[in-house]
Structure formats: C-alpha cells, structure tokens
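The values are calculated or read from the model by the stated rules, or taken from the named source; none is laboratory data. Please read all numbers here as calculations on a predicted model, not as lab measurements. With ideal geometry, Cβ positions are generated from the backbone for all residues, glycine too; neighbour counts draw on all protein chains shown. In case anyone asks, the SASA skips ligands and DNA or RNA and just uses the protein heavy atoms, side chains included. Shrake-Rupley method; radii C 1.70, N 1.55, O 1.52, S 1.80 Å.
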Amino acid sequence: MTVSSRPAIWDVAIVGLGPAGRALAHRATALGSTVVSVDPLPRRSWTATYAAWEDELPDWLPRDAVVTRTPRPTAWTTRRHTIDRTYCVLNTSVLQSILGSGCGTVLAGRAVDLSPTSVQLDDGSTLKAHVVVDARGTGDSPDLAQQTAYGVVVDPDTAAHALAGEAAVFMDWRRDNGTSPSDAPSFLYGVPLAQDRFLLEETCLVGRPPLPISELATRLHDRLRQRGITVPSHSDVERVRFAVEPPPEAGRAHSSDQVRFGARAGLMHPGTGYSVAASLLCADVLARDLRDGSNARLWPWKARTVASLRSVGLRVLLNLDSEHVPEFFEHFFDLPPQLQAAYLSERSNPRGTLSAMGRMFRASSGDIRSVILRSTLRREVR
C-alpha cells in the first residue's frame, strides 16, 4: 500500500510486532481488514526459541514452520515420566517470514499514547483506526512473576550424553546442578533445535524475583559437569527473561475498552510461560471478531474461568517450598494426558482444568495441600 493510498481510518491498528502482533496482523489482513502495525524495530530478527505442543498449533500454519517434532518427550521429577503428546520446536526465522507476509502496512515508530481508536507516535503523528490493539508484550517489571533461563547449544552427541539418550526432556528437576533441597529449584530443559543443534537450558520456571541468569549459568555447567560434559567456550548461548503476568496497568483484555492481544492480554500461561501457540491459535478468533464488530473477542466466560484457575496455579508455584516442587510436578505428570493438555493448553475447558487441579490436590501430601488451599482462598499480596 502506498502512502497516498493509506486510509484516513484503518480497520485495525496493532502496536507491537512480536509473534502475537505479527500473527494478528497476518490473519486480519487475510480476512480483508485494512491493517497498520507499529513497532520501534519492525525489521529486527527474532532470536528466541519458540516451542509448542503439536495439537496447540492452528491449521493455517504451514508445516515448515515447525523445525523439529518429538513424540512422547520425557520429564524427570522424583522419577521418569513419558508425556504422551508431540512436542514441537518452531523454526523462528520461517515463522517470522510467514507472519511478515501479507500483514498490511508496517511502520517504524514508538507509540507514546494509545486509546481504543487512536495511536499517538513519538514523531507527533497520530494513527486513527476503528480498533487499536495493544500487543506490546508484558514489559519488564520486578513486581511481576518472571521466568529466567540460561541455555547452550550443543551437538546431538553431546546432548545424547547429557540426556542419557532421551530424544527431548521437557523438565528435569533432579538436583545434580549443585543445589540442595532448600535452594530455589530450577530444571533442565533439552530439545532439538535442528538436525545438528540441540538446546540444553537451565530454567527457573517462575519467581518473584526469579533466579538470576548468572546463577542459572552456574547451575547448568555444574549439572553438565556432573554428567561428564564440558561445554565448549564457543557454544551459542540463549538467555531468557520475561514476565509471565500481564502488567497491572494493562489489565485484562476482557475488562477494558482497550483491546489487547498476546502476552499483554493474559494469553501467556502463568504457570509455564508459553504464549506463542495460544496467540497463533487465537489470532483468527480476534481477527474475525474485529472484522465483524463482535464484542465476544477472546474472553468468553469459560476462558475467564480457566484464566482464574491458572492464576491459582501460579500462586501455588510461587508459594511452594523448594523441596516440594518435584513432588508437585510428579503428580502433574501422573495425570492422564487429556487432563495435562486441559491444564496446559485449553483456554476454554474449565471442567478439565478443574479436574486436573482436583486430582493433583487429592494426590498431594499435606504440606502441598496446605499451600494449594491458601493459594485458592486468598489472593497473594505483592
């Protein structure tokens, strides 16, 4: 679209061009809406590792957006578990290319003020739209629960040694990372990034504050040394830090006139830090609603109920004593696959989510039950 042909009022203006913003722009354009997107650095390359369960991905996403698939990955808690789902690592560059094609007009600029129908940019200009969508992510606030991680990229033979031949390890909570049961826990995450590249990452699932990345680096190298591995100094490194909660000033997408999407709207799972698959899956839903003028959008009552239940799960994770974390996840991975999927992936299945939480409660020790009850009966004071 040329400058002269830009409409005076766009159908949709999107602020923020991470995976969520790009996905919404791509799908809204495909449905015939006029779309303008704004980001300070719209040409920057994505470098993060994005992953998802295969059954979470939308039908419209081309198959080559997935670079590796691992049927039935492993988890370690107090013992070994097999997860009966297929785990996928996305091809980040291909995903960015797919979402960047056919996505309307893209502008480089910083939004300084948003309203439901306008965006004021730092150059003094204003964009008008029938709907403005805030997709700027969660931001970085010490008041928000965060996930941190430190990873190294190794060859498949090194990974096979580190993971005892497992094709992928979703979580490994064993304490061979130089910590004691009283230390804040972290787990090893190991997945293939390509045929010749494997990511081994020490992860603090959630903390307020989270474990520093420097501490996770020390733990990862300690863990790998215990397994007979020294990582070459020239290995590629991944550092991860992000909030798993939307910022308080952003609020929930279903409780404000300002439309939000992606992690900023609360689509991130607060107990896992996963949001990309949910954003890809929900992009069509919101794009259709914006086109049709629907008020339902992303938060029907079932989705609101699931979000509330997941917030209880986050409080449990934040309040658990370190020594009880492996047991807690042991009970989770003992759940039937359909209940694991309900809690991890299904935004509109409150019955399944509640059933998963109820089974875990009944299987847990008295100490863990006490934490669950306290986390359920009162909100955490920050």
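Miscellaneous remarks
- Reported count of residues in region 204-235, each being more than 21 Å from the chain's Cα centre (by Cα) and either within 13 Å of residue 185 (Cα to Cα) or charged (D, E, K, R) (or both), is 7.
- Helices (runs of 4 or more DSSP H) contained in region 265-382 and holding at least 1 residues β-branched (Val, Ile, Thr): 276-292, 301-319, 325-333, 350-363, 366-377
- Options 297, 288; residue that is basic (Lys, Arg) and either under 22 Å from residue 245 (Cα atoms) or in contact with a strand residue (DSSP E or B) (Cβ under 6 Å, 6 or more places away or on another chain) (or both): 297
- The lone criterion from (1) open to solvent by 30 Å² or more (accessible area, probe 1.4 Å); (2) at pLDDT below 95; (3) of a type outside the set (Val, Ile, Thr) left unmet by residue 103 is number (1).
- Residue satisfying all of: in region 222-239; buried (at least 16 other Cβ atoms within 10 Å of the Cβ) and touching a Gly at 6+ places or on another chain (Cβ under 9 Å); nearest to residue 158 (Cα to Cα) among these: 223
- Exactly one residue out of 13, 8 is part of a loop (DSSP other than H, G, I, E, B), of a type in the set (A, V, I, L, M) and touching a residue at least 60 places away in the same chain (Cβ under 8 Å): that is 8.
- Members of region 368-377 that are open to solvent by 50 Å² or more (accessible area, probe 1.4 Å) and under 18 Å from residue 334 (Cβ atoms): 369
- Candidates are the residues of region 157-174 that are surrounded by fewer than 17 Cβ atoms within 10 Å (Cβ to Cβ) and in contact with a Lys or Arg (Cβ under 9 Å, 6 or more places away or on another chain); the one that is nearest to residue 229 (Cα to Cα) is 161.
- The sole residue among 216, 193, 188, 200 that is outside any loop (DSSP other than H, G, I, E, B), touching a Gly at 6+ places or on another chain (Cβ under 6 Å), open to solvent by less than 70 Å² (accessible area, probe 1.4 Å) and among the aliphatic types (A, V, I, L, M) is 200.
- Every residue from region 24-60 that is of a type in the set (A, V, I, L, M), crowded, with 19+ Cβ neighbours inside 10 Å and under 20 Å from the mean Cα position of the chain (by Cα): 24, 25, 51, 52
- Considering 69, 44, 27, the condition of being closer than 30 Å to residue 194 by Cα and assigned to a loop (DSSP other than H, G, I, E, B) is satisfied by 44 alone.
- The one condition from (1) farther than 27 Å from residue 56 by Cβ; (2) in contact (Cβ under 8 Å) with a residue 60 or more places away in the chain that residue 367 does not meet is (2).
- Meets criteria (in contact (Cβ under 8 Å) with a residue 40 or more places away in the chain, open to solvent by 60 Å² or more (accessible area, probe 1.4 Å) and polar (S, T, N, Q)) for residue 182: yes
- Residue match in region 37-56 (condition: over 19 Å from residue 111 (Cα atoms) and of a type in the set (Lys, Arg)): no
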